[in-house]
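Asker: Let me give you the structure first, and then I'll get to my questions.
The values are calculated or read from the model by the stated rules, or taken from the named source; none is laboratory data. Everything numeric here is computed off the predicted structure, so don't read it as measured data. Reconstructed Cβ throughout: ideal geometry from the backbone, glycine too, with neighbour counts over all protein chains shown. Calculation scope for accessible area: heavy atoms of the full protein, side chains included, ligands and nucleic acids excluded. Shrake-Rupley method; radii C 1.70, N 1.55, O 1.52, S 1.80 Å.
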Amino acid sequence: MSYKEIYNETIDERILTTVSNNGIKIFFMPKKGYTRKYAVFSTDYGSIDNVFVPLGEKEKIEVPEGIAHFLEHKLFEEEEANIFEEFSNIGAQVNAFTNFTQTSYLFYSTDNFYEGLELLIRFVQNPYLTEENVEKEKGIIAQEIRMYEDNPNWKVYFNLLRAMYHQHPVRIDIAGTVESINAITKDILYKTYNTFYNPSNMVLFVIGDLSFYELVRVVNEAEKKFDHVSDEILRFLPEEPDRIKERIVEEKMMTSMPIFTMGFKDRDVGYKGKEMIKKDVVTNLILDMLFGESTNFYNELYEEGLIDGSFGAYFSCKESYGHSIIGGQSNEPEKVYERVLGLLKLPAEELLKEEDFIRLKKNELGNFLLGMNSIEFIANNFTDLYFSDFLITDYLELLKEIQYQDIIDRFNFHFKEDNLSLSIIRPL
Amino acid sequence: MALKSERIKLADGIYLNLINEDKFKSNLLSFYIIRPLSRSEVTKNTLMSLVLKRANKNYPTSMELEKKLEELYGSNLSLGINKRGERQVIRFTMEWAKSSYVGEEYDGEVIGILKDMLFNPVLEGGAFLKSHVDQERENLRKRIENKINDKGSYAIERCIESMCNNERYGIYPLGYVEDLDEIDERLLYEHYKDIIRTSPIEILYVGRVDHRIVEAIKKDLNMERDEVITIPEDVLIDSVQTKNMVIDEMDVNQGKLVIGYRAGIHHQDSLYNPLLIASDILGGGPNSKLFKNVREKESLAYYISSTIYKYKSIMLIDSGINFDDFDKTCEIINQQLEELKAGQFTEEDIAKSVKSIVTNTESIRDSIFLISEFFFSQILSQDRRTLEEVIEDFKKVSKEEIVEAANRLKIDTIYFMRNKTK
């Protein structure tokens, strides 16, 4: 077996990597002394991939909203076995999640890990869909959607995405709507599955006190033979204007006080890898320097009672989109919004001090180290970064490279009044 | 390797518990203050904690304190307030990256900040800072009112509150809006002094135990104390006098159903482990009776589960359903519980539940925070068993015991949140 080893001295962690016989990329981080073992098997496919050319076809199709998530639910269905029961039999716990750009299946156990790994590969690679079991799932997912509809934090966030984006499918609810999932059929699900669950589009990450050799052997034995390892999957995104769609959106819900989020839409998109992750880290540092708990802004508004401990800001991006989100709860959300706008009128060098930059880099170094304690944190971040062509082990080196000038340049480009949307949920 | 704790008495009612575990990239230090859960002090305790977290004598503003924590590699200061049975537990925790990873020695400094948080508050004329108390009073008011934003946990809270409305366990651990106004900076400071002098305090340290760290923690903690209060035992109720049905009508899209049962089995009783397993078989996970029947078979819900509340020994089943499915869901839940009581489950079901509980218990070893919580919980429940012994005991439970424990469950309160009817 040929494999590659990547070692990072600062965090004292290593990653071993190889490719299975049928093309699944395998990554493994040994964690000596850890009791729990964790595997996450993911496809580079999420809710935004709703227009594509199905495998073996020529024409592109558009699928109903919520299909990636629906498929995630349905893969747990097998003709004869009950997947949950099989994992329980060996004392392992299994779960899955879907977001904008990926679908992941994961399990963890303290014992019988290799049996679990075999089960994981087999069930994800063996869809069993019938008209009946597809129908049955609609009731369950409808309840999941209803649950989110009653969650004001979720609502205020998706309302903001819909205010920022005109066309981009990031504005669509990940689970779809009760109406859209009703249009989902067995045939569309299979088409989608065959396109995106090809080994060439998937990655397996394993972490724990385990043998790399043994886990690769298990994957090679469990995986399905694919006649056609697909070439690049053709996916299409609509043309998205740079400008925001709406400035302010509001809705009323059962809440105790107004909740708000505002977002700066990023115009600097279209790349992956180190360049994108650097933009991500730089922008998050800026947000810490502008709105973090050690800033004048935060402390002034806190003392005036305009914001409370729920206030926070972060930047999130993928190849095709990105946005800085600032949110919290306030009895006067418009005032907070005005204050944010007021802040941005100051010159960058006055707002963003080099000493704060240096201190917040140290802060970020510590945060990352604390994260490396948790195998769940590592597994989830590994996959997320991997699909953006970046390895988690390179993170601290990238952080070190960031210069003060990067902060100033990015600030001047990204934080503009005309690409800021505001979303408010008010009490009924 | 088995986890061990070394327990050292520092003063009357103040103990330091050292757990040497070097596999993490951080160290963790927590101060747990234990109080009886009582309406007369719950609000004050919470407000006091929020004020203490704002600043201390050496870093008298939140901004200075926060800057310092960032400078010390994002040392993470957190506050937890919750109820464990009929006790209110206030936890101040600091977690910081080990100095070997950042190339700078700063353990003593971080430990000092955490201790100052508790023992060196910012004062002004013999009271807390008025501005901090005023701001945190408003924040706490909002926070209590915000309960309603998370409908799922609100429904659970409402069920407990209705079920235990004549018991201390019915008290909301963050306090009450109507009790806030009378608390000023002077009253709160007097209360604080009383808390520091009379409360049992457990200090837990998890990480690399070395002499300098231990000395830094111990320093100045051999303080004068008044008589330390005794925390009363939880009052367990094993019979149900009146069954309760509570309905809240609100503008919601999904109904929230929570059913409360009394078990009345003390956590030191030999039937307690069987009770945990009974609840797991009924509604512990995707393999449970409720998940299979309510979700997989009938498509009525996305989530449904049952949970045992340890110290009070009650069980809650909670789920999100359509308003019209209330009767049907209750009927299935009831039927599944009756089957459990009648012993309609297999040795295999037991083995699965035991494995699942064991896996989760073993996983405590991988989280620096959960290790601290585990040892604290053992102290609180006067349970001398090690983690390994706790795990072994789950494996000894028999089917008869599970059936017996299940038969102790008595329905007490049904809570339902639904939409407004015309």
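Asker: Using only Cα atoms, find the angle between the long axis of helix A:354-371 and the longest principal axis of chain A, and express it within 0 to 90 degrees, rounded to the nearest 10.
Answerer: So the helix axis and the longest Cα principal axis differ by about 30 degrees.
Asker: Please report, in debye to the nearest 20, how large the charge dipole of segment B:5-218 is about its Cα centre when each Lys and Arg carries +1 at its beta carbon and each Asp and Glu carries -1 there.
Answerer: With Lys and Arg at +1 and Asp and Glu at -1, about 440 debye.
Asker: How many times 2.2 N^0.38 Å is the alpha carbon radius of gyration of the protein assembly as shown?
Answerer: With N residues counted in the protein assembly as shown, Rg over 2.2 N^0.38 Å equals 0.95.
Asker: Further, regarding this structure: Would you report the distance distribution of C-alpha pairs in segment A:172-284 as whole percents per 5 angstrom bin, up to the bin with the largest distance?
Answerer: Over segment A:172-284, the share of Cα pairs per 5 Å bin runs 2, 6, 9, 11, 14, 14, 15, 13, 8, 4, 3, 0 percent.
Asker: Kirkwood Rh over Cα pairs of segment A:160-202 into Stokes-Einstein at 37 °C, 0.692 mPa s: D in µm²/s?
Answerer: In µm²/s, the coefficient rounds to 261.
Asker: Just checking the output field for A:110-117: average partner chain Cβ neighbours within 10 Å of each residue's Cβ?
Answerer: Partner Cβ neighbours, averaged per residue: 2.
Asker: Net charge within 15 Å of residue A:330 by Cβ-Cβ distance, Lys/Arg positive one each and Asp/Glu negative one each, not counting residue A:330 itself?
Answerer: Cβ neighbours under 15 Å give a net charge of -4.
Asker: What number, in percent, do you get for the relative contact order of chain B if the mean sequence gap of Cα pairs under 8 Å and at least 6 apart is divided by its residue count?
Answerer: Relative CO of chain B lands at 22 percent.
Asker: P(r) for segment B:74-153: what percent of alpha-carbon pairs falls in each 10 Å bin, starting at zero?
Answerer: For segment B:74-153, the pair-distance distribution reads 13, 30, 34, 19, 4.
Asker: Averaged over A:299-309, how many beta carbons belonging to a partner chain fall within 10 Å of each residue's beta carbon?
Answerer: Mean shielding by partner chains, rounded to a whole number: 4.
Asker: Which value results when the Cα radius of gyration for chain A is divided by 2.2 N^0.38 Å?
Answerer: For chain A, the normalised Cα radius of gyration is 1.03.
Asker: Near residue A:191, which aspartates and glutamates are there with a Cα under 12 Å away, not counting those fewer than 8 places off in the same chain?
Answerer: In chain and number order, the partners are A:57, A:62.
Asker: What is the distance, in nm, between label points placed 7 Å from the Cα along the Cα-to-Cβ direction at residue B:226 and at residue A:343?
Answerer: My value for the distance between the label points is 4.4 nm.
Asker: Would you calculate, for the protein assembly as shown, the mean residue ellipticity at 222 nm contributed by helices, counting each DSSP H stretch of 4 or more residues as -39,500 (n - 2.57) and dividing by all residues, to the nearest 500?
Answerer: -12500 deg cm²/dmol
Asker: Suppose a student asked you for the relative contact order of chain A, using Cα pairs under 8 Å spaced at least 6 residues apart; what percent would you report?
Answerer: Here the relative contact order equals 22 percent.
Asker: Rg to Rh ratio, segment A:205-248, alpha-carbon atoms and Kirkwood radius?
Answerer: Taking Rh as the inverse mean 1/r over Cα pairs, Rg/Rh reads 1.34.
Asker: Residue by residue through segment A:297-313, which ³J(HN,Hα) values in whole Hz follow from phi under the Karplus form 6.51 cos²θ - 1.76 cosθ + 1.60 (θ = phi - 60°), with glycine and proline marked x?
Answerer: So the J values, rounded to whole Hz, are 4, 4, 5, 5, 5, 4, 5, 7, x, 7, 10, 9, x, 7, 5, x, 9.
Asker: Let me ask something else. Per residue of segment A:323-337, what does 6.51 cos²θ - 1.76 cosθ + 1.60 with θ = phi - 60° give for ³J(HN,Hα)? Whole Hz please, x for Gly and Pro, Karplus curve as stated.
Answerer: Working through the residues one at a time gives 7, 8, 10, 10, x, x, 10, 6, 6, 10, x, 5, 5, 4, 4 Hz.
Asker: Can I ask one more? Can you give me the Rg/Rh ratio for segment B:5-218, using Cα atoms for both radii and the Kirkwood formula for Rh?
Answerer: 0.98
Asker: Evaluate the Kirkwood expression for the hydrodynamic radius of segment B:244-419, namely the inverse of the mean inverse distance over all pairs of different C-alpha atoms, and round to one decimal in Å.
Answerer: 17.1 Å
Asker: On to the next question. Which whole-angstrom value gives the distance between the alpha carbon centres of segment B:37-60 and segment A:207-255?
Answerer: Their Cα centres are 45 Å away from one another.
Asker: Would you look at the GNM of chain A, springs on alpha carbons closer than 10 Å, and say which of A:224, A:252, A:138 moves the most?
Answerer: Largest GNM mean-square fluctuation: A:252.
Asker: Follow-up question, since we're still on this one. In peptide B:60-70, how many Cβ atoms from other protein chains are near each Cβ within 10 Å, on average?
Answerer: Partner-chain Cβ atoms within 10 Å, mean over residues of B:60-70: 5.
Asker: So what's the angle, to the nearest 10 degrees on a 0 to 90 scale, between helix A:375-386 and the longest Cα principal axis of chain A?
Answerer: 80 degrees
Asker: If we count every other residue with Cβ under 12 angstrom of residue A:65's Cβ, Lys/Arg +1 and Asp/Glu -1, where does the sum land?
Answerer: -3
Asker: Looking at segment A:258-314, I'd like the Rg to Rh ratio, where Rg is from alpha-carbon atoms and Rh is Kirkwood's inverse mean 1/r.
Answerer: My calculation puts Rg/Rh at 1.07.
Asker: If you consider only alpha-carbon coordinates, what radius of gyration and Dmax does chain B have, in Å?
Answerer: 23.2, 69
Asker: Let me understand segment B:151-237 better: what is its radius of gyration from the alpha carbons, and its Dmax, in angstrom?
Answerer: Using the Cα atoms of segment B:151-237, the pair Rg, Dmax is 18.8, 50 Å.
Asker: What residues qualify as long-range amide H neighbours of residue A:3, i.e. H under 5 Å apart, gap of 5 or more or another chain, H built at 1.01 Å from N?
Answerer: none
Asker: What fraction, in whole percent, of alpha-carbon pairs in segment A:1-88 exceed 15 Å separation?
Answerer: 77 percent
Asker: Oh, and also: What's the long-distance tail for segment B:4-121, i.e. % of Cα pairs beyond 17 Å?
Answerer: That fraction is 62 percent.
Asker: Restricted to Cα positions, what overall size does segment B:345-422 have along the principal axes? Three whole-Å values, descending.
Answerer: Its Cα atoms span 55, 33, 23 Å along the three principal axes.
Asker: Helix A:186-196: angle to the longest alpha-carbon principal axis of chain A, degrees 0 to 90, nearest 10?
Answerer: With rounding to tens, the tilt is 80 degrees.
Asker: Let me ask something additional. Taking only complete DSSP H runs, can you tell me which helices of chain B stretch 15 Å or more along their own long axis by Cα positions and average at least 1.0 on the Kyte-Doolittle scale?
Answerer: Sorted by number, the helices that extend far enough and score high enough are B:368-380.
Asker: Apply the Karplus curve 6.51 cos²θ - 1.76 cosθ + 1.60, θ = phi - 60°, to the phi angles in segment A:69-85 and return the couplings in whole Hz, x for Gly and Pro.
Answerer: Ordered by residue, 3J(HN,Hα) equals 5, 4, 4, 4, 4, 6, 5, 6, 8, 10, 5, 10, 9, 9, 4, 4, 5 Hz.
Asker: Could I ask something else about it? Exceeding 31 Å between C-alpha atoms, which entries from my cross-link table qualify? They are A:136/B:341; B:218/B:396; A:58/A:318.
Answerer: Flagged as over cut-off: B:218/B:396.
Asker: Sticking with this one: Ignoring ligands, DNA and RNA, what percent of the accessible area of the protein assembly as shown is carbon or sulfur (1.4 Å)?
Answerer: Whole-percent figure for carbon plus sulfur exposure: 46.
Asker: If you don't mind, another one. What does the charge add up to near residue A:245, with Lys and Arg as +1, Asp and Glu as -1, over the other residues with Cβ less than 15 Å from its Cβ?
Answerer: Once positives and negatives cancel, what remains is -1.
Asker: Just to confirm, what accessible area per residue do you get for the protein assembly as shown at 1.4 Å probe, in whole Å²?
Answerer: The answer is 40 Å² per residue.
Asker: Would you please calculate the Kirkwood hydrodynamic radius of segment B:298-361 over all C-alpha pairs and express it in Å, rounded to one decimal?
Answerer: Taking the inverse mean of 1/r over all distinct Cα pairs, segment B:298-361 comes out at 13.8 Å.
Asker: Counting just the Cα atoms, what span does segment A:278-347 cover along each of its three principal axes? Round to the nearest Å and put the largest first.
Answerer: 38, 24, 21
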